[in-house]
Amino acid sequence: MTKKFFLRCCMILLAPLIQMFSCTCEASAMRQIIIDTDMGGDDAAALILAAKSPNVKIAGVTVLAGNVNLEQAAQNALATLEIAGVNIPVYKGADRSLVNREVKLFSVYGSDGMGDADLIHPKSKVQSKSAVDFILETVKKNPDQIEIVMLGPATNIALAIQKDPVTMKRVKKFWSMGTSGFGEGNATPVAEFNTFKDAEAYKVMLDSGVPVTVVGLDIMSPEVCLNREILNAMKNSSPTQSFVARANEKYLNFCRDELHSSDAIFCDPVTMAVALWDDFTLETATCHASCLTEPNETYGQVIFYRKNHMYDTMVTFDSYPVEVVTKIKAAEFFPRYRAAI
């Protein structure tokens, strides 16, 4: 038996073991996420990006009222996942705020939250289990492994924390599209839409001590804003890109007609890019964060105290679990996003 023949035989015999080891490594490297969303057009854009990403497993999608009512949010999520070609369960959550205040709805994405473009005809059905129970059961089964990407108000997450704070301590990380960062708000001069919709819930999430990366309004530079040129190019591209473009066309028109802007901030897909693309974020600030819940003009404002920053009041905290994204590879966003979906 020649040496070459012997090595070839060994490789044939070892091939199944090598393949098994490779699959095991690949599975262990696969990140597990839950996406919590209020399902407007930009939520759909973010959901498709995650569904098309090879390095994450979406355990489930939980929805709540925010951009649209709860039932519409669920239908939008189902339709979006179907156009992305994936079979992922959807669970309904909160239709009111944490303190049982009805969520007042005004959608800049059209009455159905998806451009009123006749896109929403899902064949699949919503799961019977509640969003909160699904979140808790999934974290219990996968302690310190589940990352939750929050694209809307924090109500579902806060309800889960209140129901079982011990289990929710085992969430690996929160990724939050919320707050104005270190800049100006859009719901009020100091508050961003998601935090303003349910500041009490956002406070519960921040106070949980679970590590969280926050993507605020202040990093939404023109490079990551949707404009007419990009929308038209996407509309005439792949089915998923066309779906995203049509779902967001009314939003772009709203920005033009009401805000007198040719650009529309694309917060949720940018947040998903931060969560999924390891090299996309260039700088963050390590902080302690406080969300204001007094019913006055500061309601929903989030204050960030930078670690190792000398404040005149000499304020310090025991923990700084929040990373606020301060710089991203903005110019790369749309080329990478379109290539990914």
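The values are calculated or read from the model by the stated rules, or taken from the named source; none is laboratory data. Owing to the predicted nature of the structure, the values given are computational and were not obtained by experimental measurement. Because the Cβ atoms are built from the backbone with ideal geometry, glycine has one as well, and the counts that use them run over all protein chains shown. Calculation scope for accessible area: heavy atoms of the full protein, side chains included, ligands and nucleic acids excluded. Shrake-Rupley method; radii C 1.70, N 1.55, O 1.52, S 1.80 Å.
Beta bridges per DSSP, both residues in the chain: antiparallel share near 35 percent.
All alpha carbon pair distances within the stretch 50-140 were sorted into 5 Å bins beginning at 0; the resulting P(r) in whole percents reads 3, 14, 21, 22, 21, 13, 5, 1.
Qualifying chymotrypsin sites (Phe, Trp or Tyr not before Pro) in the stretch 152-210, where qualification requires a DSSP coil assignment and no more than 16 other C-beta atoms within 10 Å, comprise 182.
In percent, rounded to a whole number, the relative contact order of the stretch 64-202 is 24, using alpha-carbon pairs under 8 Å and six or more apart. Computed over the chain with a Gaussian network model linking Cα atoms closer than 10 Å, the most mobile of 37, 167, 213 is 167. Taking label positions 7 Å along the Cα-Cβ direction at both residue 228 and residue 106, the computed distance is 2.5 nm, reported to one decimal. Residue 133 contributes an accessible area of around 50 Å² to the protein surface, as traced by a 1.4 Å probe with all chains present.
The dipole here belongs to the stretch 124-165: it is taken about the Cα centre, uses +1 on the Cβ of Lys and Arg and -1 on the Cβ of Asp and Glu, and is about 180 debye.
A Cα-only calculation for the stretch 150-300 places Rg and Dmax at 16.8, 48 Å. Taking 19 Å as the straight-line reach from the Cα of residue 141, the aspartates and glutamates in range (excluding those fewer than 8 positions away in the same chain) are 36, 133, 164.
Annotation: residue 309 carries an accessible surface of approximately 90 Å², with a 1.4 Å probe and no ligand, DNA or RNA atoms counted. Value of Rg to Rh for the stretch 121-202, rounded to two decimals, is 1.05; Kirkwood radius and Rg both from alpha-carbon coordinates. Each residue was assigned an accessible area with a 1.4 Å probe, and for residue 105 the value is about 80 Å². Among 279, 95, 207, the residue with the largest mean-square fluctuation in a Gaussian network model of the chain, with springs joining Cα atoms closer than 10 Å, is 279. Pair-distance distribution P(r) for the stretch 216-338, from all Cα-Cα distances in 10 Å bins starting at 0: 11, 32, 30, 19, 7, 1 percent. To the nearest ten degrees, helix 3-29 and the longest principal axis of the Cα atoms of the chain are 20 degrees apart.
Legend: P(r) of the chain from all alpha carbon pair distances, 20 Å bins from 0, whole percents, reading 31, 55, 11, 3, 0. A compact globular protein would have a Cα radius of gyration near 2.2 N^0.38 Å; the ratio found for the stretch 194-250 is 1.63. Summary value for the chain: 18 percent relative contact order, contacts being C-alpha pairs under 8 angstrom separated by 6+ residues.
Considering the stretch 165-231 at the alpha-carbon level, its Rg and Dmax are found to be 14.4, 48 Å. Taking label positions 7 Å along the Cα-Cβ direction at both residue 162 and residue 318, the computed distance is 2.3 nm, reported to one decimal. Run down the lysines and flag those whose C-alpha is under 18 Å from the C-alpha of residue 250, throwing out any fewer than 8 positions away in its chain. Partners within reach: 235.
Of all segments of the chain bounded by trypsin sites (Lys or Arg not before Pro) found in a DSSP loop with no more than 12 other C-beta atoms within 10 Å, the longest spans 126-341. When only the Cβ of Lys, Arg, Asp and Glu is charged (+1, +1, -1, -1), the dipole of the chain relative to its Cα centre reaches about 1680 debye.
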